[in-house]
1. Suppose we filter segment B:1-51 for residues that are more than 14 Å from chain A (Cβ to nearest Cβ), surrounded by fewer than 16 Cβ atoms within 10 Å (Cβ to Cβ) and modelled with pLDDT of 80 or more; how many remain?
2. With respect to residue B:170, determine if the residue is away from every other protein chain (no Cβ under 13 Å) and part of a strand (DSSP E or B).
3. State whether the residues of segment A:166-173 include one that is under 30 Å from residue B:208 (Cβ atoms) and either at the interface with chain B (Cβ under 10 Å from one of its Cβ atoms) or buried (at least 23 other Cβ atoms within 10 Å of the Cβ) (or both).
4. Among the residues of segment A:146-160, are any buried (at least 24 other Cβ atoms within 10 Å of the Cβ), outside any strand (DSSP E or B) and in contact with a strand residue (DSSP E or B) (Cβ under 9 Å, 6 or more places away or on another chain)?
5. May I ask you to list the residues in segment A:71-99 that are within 14 Å of chain B (Cβ to nearest Cβ) and part of a loop (DSSP other than H, G, I, E, B)?
6. Would you point out the residue of segment B:196-227, among those that are in a helix (DSSP H, G or I) and touching a strand residue (DSSP E or B) at 6+ places or on another chain (Cβ under 9 Å), that is farthest from the other protein chains (Cβ to nearest Cβ)?
7. Answer yes or no: is there a residue in segment A:137-144 that is free of Cβ contacts under 8 Å to residues at least 40 places away in the same chain and either surrounded by fewer than 23 Cβ atoms within 10 Å (Cβ to Cβ) or not in a strand (DSSP E or B) (or both).
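The values are calculated or read from the model by the stated rules, or taken from the named source; none is laboratory data. Note that the structure is a prediction, hence the values are computed from the model and not measured. With ideal geometry, Cβ positions are generated from the backbone for all residues, glycine too; neighbour counts draw on all protein chains shown.
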């Protein structure tokens, strides 16, 4: 079980918080980054602007935009109510100088804090390799709610997750019935829902929403390095084995050698 | 005296000739190109990748810390609610007409020891379900036991006699067939099996058939090598 520490970040309209992503997975393209945006603020369609340009229009809660391929660099992200004129409208939430390093795979989430205030949180998606037959399951708490536990098939796999943190586990690929409970209790907050953990991928589950609007799950799948099995077995009896030279041929060879030696000896003695 | 010279020469010819003749007449361990070349080689129809657009890279190669200009394509948006992916219909039957092999296929995964799982029944062949379905991009792997102490020889025992050009037919779940042509057969020591090539999920469609072969090591109850056959799609 591996755990990744979250990137906690306070979004502010004025703050210039340079965000350095914890990990920069090496990808083939050294100049671009892969970026997705999840809208997890309930009941509020929005427009998303990056560096003053409209990136996503009429963005509905519970939807995921992307993946986008963007040049690596720093971005100023601003979110307005859908249809508002950015010249005059009040900013819903913004985050300046978000550094998206080239080569990274990241998801920016517009969501509510535990207290219910809108916030933008960028997460780096772990794309490192997982063993063959397994998948990475990452859970991100972006709901206006206190700490939660995440259960799969009734068993707690992640405990005490708080907004806006994330945690990852590596599990056998396949479908799991997942639910989210209030930390340390059996009080189900979300679910259960069937979640498919894809092999060789990072399946990211977001717990989002608020007490008023209800809590829901959102999912995103990011390719991680798939691994090959460690080998291929294939037989236990030796019936199909490549044998050495068959016994009759070995006999023939030995007989030839013996004959030659005998004749050579006879020849040598006859010359004396 | 003369007769003893003749006998000596004959004896030497026998002693040297027998092993050489045996070595020359046994079947080749390999046929065609190497497995790695066969898997990685692009298909004849493959289009070479166009050079990546490079928009005035900075001399240092580093990304300038300035705000990049955005040239934004339309953004795909989808509902993020959890969905359960429909399972991929697995292939059901493998046949090698030239070797007289027909075997049902089972979808298999990974054993607890990390190796590819194989059907217990040596008459059945496993399809690696985490890789592509035969015909999709990447390397579809089919493997089976070559033999078993109780069950005798397995369905894939004749794999080591395949030749370049032999046809392989895989029947899909819907009854549709994909046809393949052998381009490589190789006997590879298990420790150096090119697993990342064999289980590659990208690249042109390939069919890879694997069983065991080479000398049997009784102490390990295992063969030393894998027989690996690579086939390309037939039009």
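1. 1
2. So residue B:170 fits the description; yes.
3. Yes: one or more hits.
4. No: segment A:146-160 contains no residue that is buried (at least 24 other Cβ atoms within 10 Å of the Cβ), outside any strand (DSSP E or B) and in contact with a strand residue (DSSP E or B) (Cβ under 9 Å, 6 or more places away or on another chain).
5. Selection gives A:72, A:82.
6. Here the answer is B:197.
7. As a first pass, look at segment A:137-144 and keep what is free of Cβ contacts under 8 Å to residues at least 40 places away in the same chain: none.
No, because not a single residue in segment A:137-144 is free of Cβ contacts under 8 Å to residues at least 40 places away in the same chain and either surrounded by fewer than 23 Cβ atoms within 10 Å (Cβ to Cβ) or not in a strand (DSSP E or B) (or both).
Residue by residue, here is whether (1) crowded, with 16+ Cβ neighbours inside 10 Å; (2) not assigned by TED's automatic domain parsing to the domain that holds residue A:180 holds:
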site: A:87; (1), (2): no, yes
site: A:93; (1), (2): yes, yes
site: A:103; (1), (2): yes, yes
site: A:110; (1), (2): yes, yes
site: A:113; (1), (2): yes, yes
site: A:118; (1), (2): yes, yes
site: A:130; (1), (2): yes, no
